[in-house]
1. Only one of Ile107, Ile17, Ile87, Ile55 is assigned to a loop (DSSP other than H, G, I, E, B), under 21 Å from Ile137 (Cβ atoms) and touching a residue at least 12 places away in the same chain (Cβ under 8 Å); which?
2. Could you identify the single residue in Lys24, Lys76 that is of a type in the set (D, E, K, R), assigned by TED's automatic domain parsing to the domain that holds Tyr145 and closer than 21 Å to Pro179 by Cα?
3. Is it the case that Glu131 is at pLDDT 90 or above, in a helix (DSSP H, G or I) and over 18 Å from the mean Cα position of the chain (by Cα)?
4. Residue by residue through the stretch 131-162, note down the ones that are surrounded by 15 or more Cβ atoms within 10 Å (Cβ to Cβ) and either of a type in the set (Val, Ile, Thr) or in contact (Cβ under 8 Å) with a residue 12 or more places away in the chain (or both).
5. Could you look through the stretch 177-221, keep only residues that are over 25 Å from Ala77 (Cα atoms) and charged (D, E, K, R), and pick out the one that is surrounded by the fewest Cβ atoms within 10 Å (Cβ to Cβ)?
6. Condition first: in the same structural domain as Phe29 (by TED's automatic domain parsing), surrounded by 12 or more Cβ atoms within 10 Å (Cβ to Cβ), in contact with a Lys or Arg (Cβ under 6 Å, 6 or more places away or on another chain) and closer than 26 Å to Phe60 by Cα. Can you find one or more residues in the stretch 113-130 that meet it?
Amino acid sequence: MDLIISVLADSKIFQGISKETIRKNFSSFSGNIKSYQKGEIFVSEDDFQNFIGIILEGEFCVTKMYLDGSQFLLQKAGPSYAVGVDIVFTRTQISPYSVSATEDSKIFLLPNDVIRTPGKIDEKFRLIILENILTIISHENMRKYNTLELLAKKSLRDKAITYLLRQKKKYNSSTFTIPLNREQLAEYLCVNRSALSHELSLMQKDGLIRYTKNTFTILAP
């Protein structure tokens, strides 16, 4: 239980709320914990979703599938990340994407009505959660805007260098390790994996970057 409370306290959903308060209200959440094996689907596209999933351990990938069988990687998420916040507060509550475990994982399911309905948990506690959710959704909108801006780049090189420069800014270092392997990066950029690998090799040859597996160094300003 202590581990669960600690992970929940680290989640942006419960930001600004003490572990003691979370523990006190835990039984009122009416939530449950589910385990998922590697490759198992947590949420499928077009599923009705009436809960928020807070990852306790492991990792999940959020993806969008296309008719030709290809997929677009929207995000990788680990412990304390809240899945589905942007879905449960829509009118339809229908998921536009799929979420699957990339390794054996556990997730805490928090029913939507516990947050939406007054009286199920302490009202002051509930209002803080709602304020946190508003902040999360705002940040998600900005992240999606940045993704659209990235995908609007016309050339593969422009997409790759834009992504890498953002990582440089994020880590405040010219050398950094990205969280995506080559296949996942290709899916995120919506490009062919072989073409991406070839372009990265050319960028290294041109003196723009240096890399070993997922660790990159930006050489050009």
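1. Result of the check over Ile107, Ile17, Ile87, Ile55: Ile17.
2. Lys76
3. yes
4. Across the stretch 131-162, the qualifying residues are Asn132, Ile133, Ile136, Thr147, Leu150, Leu156, Arg157, Lys159, Ala160, Ile161, Thr162.
5. Lys205
6. Looking through the stretch 113-130, at least one residue is in the same structural domain as Phe29 (by TED's automatic domain parsing), surrounded by 12 or more Cβ atoms within 10 Å (Cβ to Cβ), in contact with a Lys or Arg (Cβ under 6 Å, 6 or more places away or on another chain) and closer than 26 Å to Phe60 by Cα.
The values are calculated or read from the model by the stated rules, or taken from the named source; none is laboratory data. Given the structure is predicted, the values throughout are model-derived calculations rather than measurements. Glycine gets a Cβ as well: all are built from the backbone with ideal geometry, and neighbour counts include every protein chain shown.
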